[in-house]
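Have a look at the structure below, then the notes.
The values are calculated or read from the model by the stated rules, or taken from the named source; none is laboratory data. The shown structure was predicted, so the numbers you read here are calculated from the model rather than taken from an experiment. Because the Cβ atoms are built from the backbone with ideal geometry, glycine has one as well, and the counts that use them run over all protein chains shown. Ligands, DNA and RNA are excluded from the accessible area calculation, which covers all protein heavy atoms including side chains. Shrake-Rupley method; radii C 1.70, N 1.55, O 1.52, S 1.80 Å.
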Amino acid sequence: MRQELMSLPKTLADDVAKNLVMVARLIDEDPERAYAYSKVALRLASRVAAVREAGGFAAYANQKYSEALAEFRAARRMSGSVELWPVMADCERGLGRPEKALDMAGAPEVHKLDKAGQVEMRLVAAGARRDMGQLDAAIVTLQSPELAAGSVQPWTARLRYAYADALLAAGREDEAREWFAKAIEADRDGSTDASDRLAELDGVDFVDALDEEGDDAADGADEVVVEKAAEAEAVEDEAGTTSERDED
């Protein structure tokens with residue numbers, strides 16, 4: 001990306017770079033703001049492949065799949081890279097065209113992807129099978145050397161999680177539980193909610209300690225209010241009785 005921006009005037013390159021940094025920083029926590037920054041970068045330098053790619057990911061994060069696909073295609077034309085092939089296929093899924101995503105999964109471009117890209121393509125293909133109601137085919141699609149490997153790679157947790165989720169959807173609960181557990185083992189940065197899914201299968205309910213304390217405090221406050229009300233009522237009764245005696 002830096003080399004691409006060097007082709008721009010320095011001031012313009014700096015402005016574009018600042019917007020791209022904000023896209024990368026916000027895309028997970030605030031995708032709408034990331035999208036706004038990407039649009040600024042696109043207005044400034046739409047002929048730069050990295051800018052088109054960033055625009056594509058920002059649109060993708062906001063489920064603007066048609067726009068994302070257009071940006072990814074433009075970036076691919078400019079760079080000649082196949083790295084975006086899996087996410088382009090996933091955009092086809094988002095647009096309700098799982099058959100197109102499967103066609104892309106069988107295209108020659110897939111063989112040019114690195115290992116991470118091929119695993120991503122497998123995940124997209126399995127998702128497309130599920131979109132089409134082909135659960136058994138989705139499960140078979142995910143069965144691969146990467147799934148069976150004992151070593152943990154950046155994609156391992158997501159691959160195991162997708163496999164567990166597909167098994168669960170097919171009613172194979174015991175196997176799903178096993179693979180959710182394996183996903184947890186590989187999920188070092190908490191990129192999935194495998195632990196929550198496994199707990200749900202095991203019937204475990206997590207209680208937020210702060211909420212529980214808050215409930216206890218509220219219950220205690222209610223008890224104090226009731227006690228005070230009872231005391232006030234007793235005082236009023238006693239005052240009324242004394243008044244009646246004085247009148248007598």
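From the convex hull of the Cα coordinates of the stretch 1-92, what is the mean projected area in square nanometres? Spell out each step's value before the answer.
Numbers: hull surface 21.0 nm².
About 5.2 nm², averaged over all directions.
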Once the in-chain neighbours fewer than 8 apart are removed, the lysines whose Cα is under 26 Å from Lys182 read Lys115
So the carbon and sulfur contribution to the accessible area of the stretch 17-140, 1.4 Å probe, in percent, is 46
Looking only at lysines whose Cα falls under 25 Å of Lys39's and that sit 8 or more positions away or on another chain, we get Lys10, Lys18, Lys64
Probe 1.4 Å, heavy atoms of protein chains only: per residue, the accessible area of the stretch 1-53 in Å² is 67
Between the modelled labels at Met132 and Asn62 (7 Å from Cα along Cα→Cβ) the distance in nm is 3.2
Once both label points are put 7 Å beyond Cα along the C-beta direction, the Lys39-His111 separation in nm becomes 4.3
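Which GluC sites (Glu not before Pro) does the stretch 1-79 hold that lie in a coil by DSSP with at most 16 other beta carbons within 10 Å?
Working: sites: Glu4, Glu29, Glu32, Glu53, Glu67, Glu71; in loops: Glu29.
Taking the stretch 1-79 and a limit of 16 other Cβ atoms within 10 Å, the loop GluC sites (Glu not before Pro) found are Glu29.
Quick one: if the Förster radius is 25 Å, what FRET efficiency do Asp28 and Ala170 give, using the C-beta to C-beta distance and rounding to 0.05? Don't skip to the answer; put the middle values down first.
Details: r = 31 Å, r/R0 = 1.22.
So the FRET efficiency works out to roughly 0.25.
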Taking a label point 7 Å from the Cα of Asp15 along Cα-to-Cβ, the residues of the stretch 33-47 whose backbone nitrogen sits under 13 Å from it are 40-46
Per the Cα gyration tensor, the stretch 29-167 corresponds to an equivalent ellipsoid with semi-axes, largest first in Å, of 28, 15, 15
Taking Cα atoms only, Rg over Rh for the stretch 136-181 with Rh from the Kirkwood formula is 0.95
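Could you give the accessible area per residue of the stretch 87-143, probe 1.4 Å, as a whole number in Å²? Each step should come with its number before you reach the end.
On the way: 2710 Å² over 57 residues.
Accessible surface, normalised per residue, equals 47 Å².
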